[in-house]
1. Relative contact order of the stretch 55-116: what whole-number percent is it, with Cα pairs under 8 angstrom and at least 6 residues apart?
2. Would you mind computing, in nm to one decimal, how far apart the modelled labels at Ser17 and Asn73 are, each placed 7 Å from Cα along Cα→Cβ?
3. How high is the relative contact order of the stretch 1-61, in percent, with contacts defined as C-alpha pairs under 8 Å that are six or more residues apart?
4. Expressed as a rounded percentage, what relative contact order does the chain have, with Cα pairs under 8 Å and six or more residues apart?
5. Compute the accessible area per residue over the stretch 53-93, keeping the other protein chains in place, probe 1.4 Å, unit Å².
6. What's the local net charge at Gln103, with K and R +1, D and E -1, over the other residues with C-beta under 12 Å away?
7. What's the carbon and sulfur percent of the stretch 64-109's accessible surface, probe 1.4 angstrom, rounded to a whole number?
Amino acid sequence: QVQLVESGGGLVQPGGSLRLSCAASGSRFRIYIMGWYRQAPGKQRELVAVITSGGSTNYADSVKGRFTFSRDNAKNLAYLQMNSLEPDDTAVYYCNAGTAAGQNYWGQGTQVTVSS
């Protein structure tokens, strides 16, 4: 079973930057796709960005141009670089991984708070 651990969250002022990390371990199968999701208080969890093992990425319109998703397949690490942060970016951010065998796993989340 895959374990995902997020880190890098915290408090940042509007316009600032953070980099989130996701470390994956324990998979018997290749992790084909990874994603970042977020959930603000009282709101539905939403997709932020996805990346395939080949490096193809897709972003939500709300973060396009500000966030960058990258991964190191050999180390099973994924990163979300977040620039020009806005108060609406405040949420718990979750890492997700999908294996080549069709399995899907979630991390416990890391809190990002954007406030002056």
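1. Values: 67 pairs, mean separation 15.4, N = 62.
Relative contact order for the stretch 55-116 comes out at 25 percent.
2. My value for the distance between the label points is 2.7 nm.
3. On the way: 75 pairs, mean separation 14.6, N = 61.
With pairs under 8 Å counted, the relative contact order is 24 percent.
4. Numbers: 283 pairs, mean separation 43.6, N = 116.
The normalised contact order for the chain reaches 38 percent.
5. Working: 2130 Å² over 41 residues.
Averaged over the residues of the stretch 53-93, the accessible area is 52 Å².
6. Numbers: positive: Arg28, Arg30; negative: none.
In short, +2.
7. Values: 980 of 2240 Å².
Ligands and nucleic acids excluded, carbon and sulfur reach 44 percent.
The values are calculated or read from the model by the stated rules, or taken from the named source; none is laboratory data. Model, not experiment: these values are computed from the prediction. Reconstructed Cβ throughout: ideal geometry from the backbone, glycine too, with neighbour counts over all protein chains shown. Note: accessible area is taken over every heavy atom of the protein model, side chains too, but ligands, DNA and RNA are not part of it. Shrake-Rupley method; radii C 1.70, N 1.55, O 1.52, S 1.80 Å.
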